[in-house]
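The values are calculated or read from the model by the stated rules, or taken from the named source; none is laboratory data. All of these numbers come straight from a predicted model, not from anything done at the bench. Reconstructed Cβ throughout: ideal geometry from the backbone, glycine too, with neighbour counts over all protein chains shown.
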Amino acid sequence: MRMDTSILLTVLGTIGGVEGLIQLLKWWYSRKATARQVNAAALSAEIENIRKYIDWLEKRLGERDAKIDALYLELRAEQNAKLETLHTLHEAELKLKEAEIKKCHKHGCADRIPPSDY
């Protein structure tokens, strides 16, 4: 088949002439590289989103660690207060027992019952 030159020129003019043909060829040969660049940009954006999410989680974890540390300090303070109260009560109990032992059951206490060493 022999193509008429006017038809060929019309087709070339319709698709943009020689420049259109050159652009079509450039697109055809660079389509895989362009796809790779688009995929790389999308992957980079995903990685950046993941990095931001990890940073947010680390910040939140740090805040929770600080809160837990504060709660542990409060717990230790309460435990120390209770131990101090228990120690005071034990001292009072010992003094009471000592007072019971040293109590005089007679009037005058010259000859104590029970006898005392002081």
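For the structure I just gave you, tell me whether K67 is over 30 Å from T5 (Cβ atoms), of a type in the set (D, E, K, R) and exposed (fewer than 10 other Cβ atoms within 10 Å of the Cβ).
no
For the range 78-118, name all the residues that are of a type in the set (G, A, S) and at pLDDT 85 or above.
A81, A92 - these are the residues of the range 78-118 that are of a type in the set (G, A, S) and at pLDDT 85 or above.
Going through L12, L75, L57, L25 one at a time, which residue ends up being in a helix (DSSP H, G or I), modelled with pLDDT under 75 and not hydroxyl-bearing (S, T, Y)?
None of the others qualify; the one that does is L12.
Per-residue answers, yes or no, for (1) within 14 Å of the chain's Cα centre (by Cα); (2) surrounded by 10 or more Cβ atoms within 10 Å (Cβ to Cβ):
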residue	(1), (2)
Y29	no, no
T34	no, yes
L57	yes, yes
R60	yes, yes
